[in-house]
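The values are calculated or read from the model by the stated rules, or taken from the named source; none is laboratory data. Since the structure is predicted, the reported quantities are computational estimates derived from the model, not experimental observations. As a convention, Cβ positions derive from the backbone with ideal geometry for all residues, glycine included, and neighbour counts pool all protein chains shown.
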Amino acid sequence: MRILLTGSSGVVGTYVLFYLLDQGHKVIAVDRTPLPSETFKNLSSKYPDLSSILETEEVDLTSIEGVKTLFGKYGDIEGVIHLAAIPDPLHHDPRFVHNSNVSVSYNVLYTAAERGIKRIVQASSVNQTGLAYTREGRQWFGVIPITEEEEGHAEDPYALSKIICEAQATIICRRFADDDVRITSLRFHHVLQTSQEAEAYSKADEFWAWTSSLAASQACLLGLTSTGWTGHEAFNIVAPDIATPKTMLQNGQDEDIGSLELFAKSWDGKIGTVREIHRDWWDGEGNSKRGFWDCSKAEKMLGWKHNV
């Protein structure tokens, strides 16, 4: 496939770029900043024919004309993976985080659909439920494990932007239903390369969860290539087990502590509130470290499974 990838200079975008090329696809890599020199050096070393499989574009995706010009330049795009976004609400004005993420997503998704591109993927986030950036004590979940149907109680601009981006995808698919446009929203957790990294970053306010860079990349491609469904769908893309916090391991605490015990000790009543916990989620699998997200929808509809 010839795939247009936005956010290609970012952390997740770089992982996805390498993965797509490894899988034999041609990529149009788009970002507001050029590919880092180290990334380009590694790509050139790995792919002697790089110029025939990779094209790069620097585009301000908040510009409608810029996006229209970008898509107009390439007439044979078969799929779009939209990862470009401000990744958190911590370093910018809340209004800028919200407005930028929402407008960029609409610009890219609508323009792709308008030009007849039928398969589109966008990065969403588990944070759209109201997670890491919710004030302490104010997280609220109806049911654990958390499915894509969880209503959530987000209060930060990043989470709100992801909620709106998913709503936009639903409406764009409705608008272009006669053209068989399909959009996949992938709710990633913290994307890291290894479980060891995940242990170092593991936090109670994120339910000690993560997503591997390989699993995220595979989900992006499967969002384009999977069959048997239409319209817009959102999918949880999260590792199946919790990452025991490295601080606990270093302090000699029980490395075999299970998810529910950790939840009772460090989350419940401190970070937030959960109305109902389905304990058979753990008992039925016989895995005390099983995570808090249900990713069975992605397994069923995308054919995706997180690498362990």
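Per-structure values
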| item | result |
| --- | --- |
| Scope the stretch 186-245; condition without any contact (Cβ under 8 Å) to a residue 40 or more places away in the chain and in a strand (DSSP E or B); matching residues | Leu192 |
| Extreme residue, nearest to Tyr15 (Cα to Cα), among residues of the stretch 68-89 that are within 21 Å of the chain's Cα centre (by Cα) and modelled with pLDDT under 95 | Pro87 |
| 3 or more residues under 21 Å from Asp88 (Cβ atoms): qualifying helices (runs of 4 or more DSSP H) within the stretch 5-54 | 11-22 |
| Number of the condition not met by Glu149 [criteria: (1) under 30 Å from Asp283 (Cβ atoms); (2) touching a residue at least 12 places away in the same chain (Cβ under 8 Å)] | (2) |
| Qualifying residue in the stretch 268-283 (condition: in contact (Cβ under 8 Å) with a residue 24 or more places away in the chain and of a type in the set (Asp, Glu)) | yes |
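Residue by residue, here is whether (1) part of a helix (DSSP H, G or I); (2) under 30 Å from Trp208 (Cβ atoms); (3) touching a His at 6+ places or on another chain (Cβ under 9 Å) holds:
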site	(1), (2), (3)
Thr62	no, no, no
Gly66	yes, no, no
Phe71	yes, no, no
Ile81	no, yes, no
Phe96	yes, no, no
Tyr106	yes, no, no
Gln122	no, yes, yes
Asn127	yes, yes, yes
